[in-house]
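Engineer: Take this structure first; my questions come after.
The values are calculated or read from the model by the stated rules, or taken from the named source; none is laboratory data. Since this is a predicted model, take the numbers as computed values, not measurements. Counting neighbours? That spans all protein chains shown, and the Cβs are built from the backbone with ideal geometry, glycine included. All accessible areas refer to the heavy atoms of the entire protein, side chains included, with ligands and DNA or RNA removed. Shrake-Rupley method; radii C 1.70, N 1.55, O 1.52, S 1.80 Å.
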Amino acid sequence: MRTLNYLEVAGWLDRSGIGTSVEHQRAALADRDVEVVTSPWEGGHPVDAVRSKLTGGRAFTDVDLVHCNMIGPGTAATIKHAQRTDTPVICHAHVTREDFRDSFRGANVVAPALGRYLKWFYSQADLVLCPSEYTRGVLQSYPIDAPIRPITNGIDLDRLTGYEEFREEYRERYGIEGMGIFAVGNVFERKGLSTFCRVARRTDYDFTWFGTYETGPSASATVRKWTGDPPDNVTFSGWVDDIRGAYGAGDVFMFPAKVENQGIVVLEAMACGKACVISDIPAFSEYYEDGHDCLICSSEREFVDALERLEANPDLRERLGENAKATAREHGLDRVGEQLTDIYERVLDGDVPEAVGER
């Protein structure tokens, strides 16, 4: 089986959750009986494809199945070619109207038009994959005229090996003392930036957000406000040399996101045995259990209370962390590889696997 696994503008997305998810897909398929190509263009680049076409060759590389991970014009052209050649198409819905909001300056103005575009775009597929039942419900509400199946983004456990070795170096670099509270990922209001900072103001812990943030014209007013003048006990790290340092330095992972389709960083923190304090949103409640592998909070007061509980009760932190490790292992790349291979084979056979029970 020769499959195209395509991420348009990959260079722009290599630090994003989308980029990480696609890395997971490709790593998960590496040990399977699937040949994966990553560019739809003959020769590997659109310019090469044009040259090939002008000299009597083909513009698009020959594959058995197309798996697209983005929503741009290159992807749309690839899907149209696949339809002309009767090649099955899978679209992976990493982008929704809901999670686009509160990301960049002007995002909320664009979101309604994006929703209409996504309704058309995802409906071109033979099958739409998405990270959670929550996301499936969002897509159905548009509605999408294609079967939709949830599949975990997975987690690369090997990528985090050795995180403990970075603890002292990163705690000293970012001035973390005592029970360190941390978040990981690009700094957006959608990921709970304001709640993170307001909770910090109500406590004495050191808070560190490990991840890049916009400072130019595309930055939202909220991001500029908090990163430009953060509370005294909040540090925004910017780019981190090795993400293992973040998971090594922090003690409690706090992620008060407003909207997430799954939250790869939560799984990463869990894989490192960190006690996780996360927001009460559908995707988190679907995958994680309050009091078992995390604490789920619905307000700033609950976040503050949860942090105080964890500081006063180290045994609770340890128990949540151990259970979290078990949860993360359930999303290992071996399982992702098995599921993707099964999906590919069934789509090629015309048996689209939509049923929820088949996750």
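Engineer: Mind checking which residues of the stretch 1-14 are part of a loop (DSSP other than H, G, I, E, B) and crowded, with 16+ Cβ neighbours inside 10 Å? Spell out the reasoning first.
Structural biologist: Initial filter on the stretch 1-14 (part of a loop (DSSP other than H, G, I, E, B)): 1, 7-9, 14.
The answer is L7, E8.
Engineer: Being aliphatic (A, V, I, L, M), in contact with a strand residue (DSSP E or B) (Cβ under 9 Å, 6 or more places away or on another chain) and within 25 Å of L333 (Cβ to Cβ): is that true of V63 here?
Structural biologist: Values: aliphatic (A, V, I, L, M): yes; in contact with a strand residue (DSSP E or B) (Cβ under 9 Å, 6 or more places away or on another chain): yes; within 25 Å of L333 (Cβ to Cβ): yes.
Criteria met by V63.
Engineer: Same structure again: Could you count how many residues in the stretch 33-70 are more than 22 Å from M1 (Cα to Cα) and either in contact with a Lys or Arg (Cβ under 7 Å, 6 or more places away or on another chain) or of a type in the set (G, A, S) (or both)?
Structural biologist: Count: 4.
Engineer: Identify, please: which residue in the stretch 59-78 is outside any loop (DSSP other than H, G, I, E, B) and crowded, with 21+ Cβ neighbours inside 10 Å and is, among those, modelled with the lowest pLDDT? Spell out the reasoning first.
Structural biologist: First pass over the stretch 59-78, keeping only residues outside any loop (DSSP other than H, G, I, E, B): 60, 65-68, 73-78.
Subset that is crowded, with 21+ Cβ neighbours inside 10 Å: 60, 65-68, 75, 78.
On the way: F60: 91, L65: 97, V66: 97, H67: 98, C68: 97, T75: 96, T78: 96.
Among them, the one singled out is F60.
Engineer: What number of residues within the stretch 241-284 are of a type outside the set (A, V, I, L, M, F, W, C), part of a helix (DSSP H, G or I) and surrounded by 22 or more Cβ atoms within 10 Å (Cβ to Cβ)? Can you show your working first?
Structural biologist: The first filter runs over the stretch 241-284 and keeps only residues of a type outside the set (A, V, I, L, M, F, W, C), leaving 241-242, 244-245, 247-248, 250-251, 256, 258, 260-263, 268, 273-274, 279-280, 282.
Checking the rest, the ones that are also part of a helix (DSSP H, G or I) come to 244-245, 247-248, 268, 282.
Imposing the further condition that a residue be surrounded by 22 or more Cβ atoms within 10 Å (Cβ to Cβ) reduces the set to 247, 268.
Within the stretch 241-284, residues that are of a type outside the set (A, V, I, L, M, F, W, C), part of a helix (DSSP H, G or I) and surrounded by 22 or more Cβ atoms within 10 Å (Cβ to Cβ) number 2.
Engineer: Grab the strands (runs of 3 or more DSSP E) fully contained in the stretch 110-187, keeping just those with 1 or more residues being in the same structural domain as K80 (by the TED database). Give the derivation first.
Structural biologist: Details: elements: 127-130, 148-150, 181-184.
By residue number, 127-130, 148-150.
Engineer: Against the conditions (1) in contact (Cβ under 8 Å) with a residue 24 or more places away in the chain; (2) open to solvent by 60 Å² or more (accessible area, probe 1.4 Å); (3) under 25 Å from T195 (Cβ atoms); (4) not in a loop (DSSP other than H, G, I, E, B), where does D334 fall short? Just the number, please.
Structural biologist: (3)
Engineer: Go through the stretch 43-101 residue by residue and tally those that are closer than 21 Å to Q339 by Cα and either in the same structural domain as A219 (by the TED database) or hydroxyl-bearing (S, T, Y) (or both).
Structural biologist: Total meeting the criteria: 1.
Engineer: Just checking, does the stretch 264-272 include any residue being under 20 Å from E98 (Cα atoms) and either more than 19 Å from the chain's Cα centre (by Cα) or among the acidic types (D, E) (or both)? Break it down stepwise before answering.
Structural biologist: In the first step, residues of the stretch 264-272 are kept if they are under 20 Å from E98 (Cα atoms); the result is 264-266.
Within this subset, residues satisfying the condition of being either more than 19 Å from the chain's Cα centre (by Cα) or among the acidic types (D, E) (or both) are none.
Taking every residue of the stretch 264-272 in turn, none turns out to be under 20 Å from E98 (Cα atoms) and either more than 19 Å from the chain's Cα centre (by Cα) or among the acidic types (D, E) (or both).
Engineer: For the stretch 174-186, how many residues meet the condition of being of a type outside the set (G, A, S) and surrounded by 24 or more Cβ atoms within 10 Å (Cβ to Cβ)? Explain how you work it out, then say what you get.
Structural biologist: Let us first name the residues in the stretch 174-186 that are of a type outside the set (G, A, S), namely 174, 176-177, 179, 181-182, 184, 186.
If we keep only those that are surrounded by 24 or more Cβ atoms within 10 Å (Cβ to Cβ) too, we end up with 181-182.
Summing the residues that are of a type outside the set (G, A, S) and surrounded by 24 or more Cβ atoms within 10 Å (Cβ to Cβ) in the stretch 174-186 gives 2.
Engineer: Right, something else. Tally time: how many residues in the stretch 198-240 are touching a strand residue (DSSP E or B) at 6+ places or on another chain (Cβ under 7 Å) and either open to solvent by 50 Å² or more (accessible area, probe 1.4 Å) or assigned to a strand (DSSP E or B) (or both)?
Structural biologist: 9
Engineer: Does any residue of the stretch 29-45 turn out to be open to solvent by less than 50 Å² (accessible area, probe 1.4 Å), assigned to a helix (DSSP H, G or I), of a type outside the set (D, E) and touching a residue at least 12 places away in the same chain (Cβ under 8 Å)?
Structural biologist: yes
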